[in-house]
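Here is the structure we will look at.
The values are calculated or read from the model by the stated rules, or taken from the named source; none is laboratory data. No experiment lies behind these values; they were computed from the predicted model shown. Reconstructed Cβ throughout: ideal geometry from the backbone, glycine too, with neighbour counts over all protein chains shown.
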Amino acid sequence: MPHPEADPHLRLDLLDGRPGAVTATITDTLPLTVRALLTLHGFEPLDDTTMVMARIDREEPHYAEQAARALRAEGVTVDITPQLREEIGTEWTWANYPMPWCSREEIREVSNDAQQIYDAIRHGRLIIHAHAHDGWTTVAVGTYRDGPSIHLRSENHLRVEAGRYDTPAKAIAEFERLYGNAVRPSHQHRTRR
């Protein structure tokens with residue numbers, strides 16, 4: 001017996017209790033495809049029918065709109081609530097932004113790179129060995145699983161790679177040389193035994 005075509009459908013809304021975060025509620029009968037597409041756009045599962053996007057730069061409405069466009073191109077019906085639609089259209093400014101010469105799109109590019117580093121740490125793809133404060137910002141040394149070791153510089157929504165090394169030993173030795181007594185083991189490193 002043939003199955004009627006599923007009508008993939010979801011609703012995007014603001015998450016209560018977290019300014020800017022966006023929920024996606026899936027209401028079709030085949031949510032696996034929709035969940036996979038949402039994952040590609042930065043959403044993570046909350047339960048069987050709800051996914052959430054929460055970013056360090058608070059740009060969730062912008063990225064939710066991008067996800068909605070991509071999902072619609074794949075034939076998914078996407079409803080955006082009026083509250084989220086209002087946030088999508090809201091212009092913003094970042095108080096004390098350290099790179100005032102950047103355009104809004106350049107700022108988004110920098111913060112999206114920072115989001116990728118944050119996600120790699122949060123999901124265990126980037127293991128932080130140690131951190132320090134260099135007088136201006138937080139710095140860290142870590143290693144990507146099956147990848148290079150790196151030095152990071154971090155300030156609020158900005159996280160940038162500051163150097164690459166072939167081995168964790170070289171990265172850690174250089175980090176200790178640069179930051180000396182300020183070096184502290186990472187929480188991630190202390191809890192793994």
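Which of the residues spanning segment 25-53 are part of a strand (DSSP E or B) and either modelled with pLDDT under 75 or under 16 Å from G75 (Cβ atoms) (or both)?
Across segment 25-53, the qualifying residue is only I26.
Looking at P168, is it touching a Ser or Thr at 6+ places or on another chain (Cβ under 7 Å), farther than 20 Å from R55 by Cα and touching a residue at least 24 places away in the same chain (Cβ under 8 Å)?
Yes, satisfied.
From the residues in segment 146-193 that are part of a strand (DSSP E or B) and among the charged types (D, E, K, R), which one is modelled with the highest pLDDT?
Top of the filtered list is R164.
Give the residues of segment 69-89 that are aliphatic (A, V, I, L, M) and touching a helix residue (DSSP H, G or I) at 6+ places or on another chain (Cβ under 9 Å), sorted by residue number.
Matches in segment 69-89: A70, L71, V76, V78, I80, L84, I88.
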